[in-house]
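The structure appears below as C-alpha cells.
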Amino acid sequence: MTTALTELADGAYAYTQEPGGWCVSNAGVLCGRDGPILIDTAATISRAHALRDAVESLGKGTVRYVVNTHHHGDHIFGNCAFSPPATVIAHDAAPAEIQKAGLGLQSLWPDVQWGEVSLVEPHVTFSDQLDLELVSGTVQLLFVGPAHTTNDVVAWLPEPRVLFAGDVAMSGVTPFVLMGSVAGSLRALARLRGLGARTVVCGHGKVSGPEVLDDNEEYLRWLLDVARFGVERGWTPLETAHRADLGAFAKLLDPERIVGNLHRAHAELTAPGSQLGAELPVRTAFEEMVDFNGGLPRCDA
Ligand SMILES: [Zn+2]
C-alpha cells in the first residue's frame, strides 16, 4: 500500500492510495479561495486522519469544503474527520442514498478497523453543476450520473485540464456499476472524454491520462457483449459470469465485480427503457461475488 500526495498543477493535488482495490480510495486537494477543498475523505478514521495530516502539511489551513463524488462509504466515511468545520457538498441524490446505506459497508468487511465513523451528510447539494473559486481558476463540479451510482459528481479544472473522476473511472481496477448504470456509465465516459483532460485522477488506482476513460469504456462494452450472450441463453448473472472469459481484464483488481456488473447489465438488457440506476438487490449480488471469488474479496482498507 502506497499513499502519496502529488502536485498535478498549481494548487491541485492527488492523494492516492495504491493499488486501490475495495474501499481503498483516492482523494483530491485543491487550493480554494476560501481554504482547501477536499474531494472525498477515505473509508476509515485512521485513513481520514492520515489524509488530514497530508492536507495540513501543505500549510494552506483547515479544509473549508469537502466534495463527495458519490455516496459510497469509502468516499464519505471520513467526512467526520473534516466536518465540522468543513461544509460538505454532493449531488442532490446523495443524502438519501447515504441515509439508506448507513454504515452497511462495514458489515461486508467486519475485520477492517473502520474506527468510530459518524455519518456526516452533505450540507449543500446541487443538481447539475456547482463552481467553486480557486486561488487560481475555478473548479467545476459536474453531475454525470447515473454511472457508478445514481449521484456521481466529477471535479473538473478546465485550465490545467485536470479531472477528478470519482468512481466513474477506475485505474487498474475493475469498473463497478452494480449500483449505477452501464448505459449511463458509457454516456458519462463519452462526456468526460469531451472535456479534454490531460490528467485523470480516478476514484481508485494510480493517476493516469485520458486513455483510462477508453480502458473503462472497453470493459463496459465487453461486459455488454458478455451479458447479451448470457441473456440470450436464459442464464442468471452468476451463470453468465462463470462462463465469461475475462481475458486481459482478469489482471484488473477485484475481477469478481463481473458478477455485480452483470446483474446491472442483465437488468438493463431485459428491461430496456427502465430508469437508469434503479435499485437492484445489492446484498444478493455481493454474496454472489463472494461465491464467485471463492471467499470474501480482499479489502485492505
Ligand atoms: Zn464507489
Legend entry - Whole-Å distance, taken between Cα centres, linking the range 1-77 and the range 98-133: 14 Å
Inset, instruction - Quickly estimate the mean residue ellipticity at 222 nm for the chain, helices only: each DSSP H run with n ≥ 4 gives -39500 (n - 2.57), and the total goes over all residues, rounded to 500. - result: -10000 deg cm²/dmol
Legend entry - Once exposed loop GluC sites (Glu not before Pro) are cut out (DSSP; at most 12 other Cβ, 10 Å), longest piece of the chain: 117-278
Legend entry - Of the DSSP H helices in the chain, those whose Cα atoms cover at least 18 Å axially and whose Kyte score averages 0.0 or more: 182-195
Inset, instruction - Please work out the C-alpha center-to-center distance from the range 137-177 to the range 259-278 and express it in whole Å. - result: 21 Å
Inset, instruction - Select from the range 26-118 those chymotrypsin sites (Phe, Trp or Tyr not before Pro) which occupy a DSSP coil region and have at most 12 other Cβ atoms within 10 Å, ordered by residue number. - result: none
Inset, instruction - Mind checking the range 1-71 for trypsin sites (Lys or Arg not before Pro) that DSSP puts in a loop (not H, G, I, E or B) and that have at most 14 other Cβ atoms within 10 Å? - result: ARG33
Legend entry - Rounded to whole Å, sorted largest first: equivalent-ellipsoid semi-axes of the range 106-196, Cα gyration tensor: 25, 19, 13
Legend entry - Volume per residue of the C-alpha convex hull in the chain, rounded to whole Å³: 112 Å³
Legend entry - Unit charges on C-beta of K, R, D, E only; dipole of the chain, Debye: 200 debye
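Any read-out appearing in this document is the output of simple, stated calculations on the displayed coordinates, not a laboratory observation. Every value quoted in this text rests on a predicted model; they were computed, and no experiment measured them. All Cβ positions, even for glycine, are placed from backbone atoms using ideal geometry, and neighbour counts span all protein chains on display.
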